[in-house]
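S.K.: One structure, pasted below without further comment.
Nothing in this text is a laboratory measurement; each read-out follows from the coordinates by a stated rule. The model shown is predicted, which means the values in this text are computed figures rather than measured ones. All Cβ positions, even for glycine, are placed from backbone atoms using ideal geometry, and neighbour counts span all protein chains on display.
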Amino acid sequence: MKTKSKDSAAQAISVGDPYLTKRLLVSRAQSAGRAAAKEAMELMGYVVTVKDGWVGKLYPDGSFQKMKQLDG
């Protein structure tokens, strides 16, 4: 029995239903965002993020330095 590779499955999805196309796009964007955050963490030593209504720096050890509270 022949199995489909990921590339052929992605190609079949992109031609079909718009929901599946959006789902694939969101999945790829999230994956790229995680990879970029990991690379930035390694390069800079922290990532600026939002947590519990605060903008702050997230460090590799998990500590969070608050910078500014969000309004609202």
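S.K.: How long is the gain from R34 to S63 if the chain were fully straight, where each residue apart is worth 0.36 nm and the alpha carbon distance is subtracted?
M.R.: 8.6 nm
S.K.: While we're here: Around V50, with a cut-off of 12 angstrom between Cβ atoms, what is the net charge of the other residues, counting Lys and Arg +1 and Asp and Glu -1?
M.R.: +3
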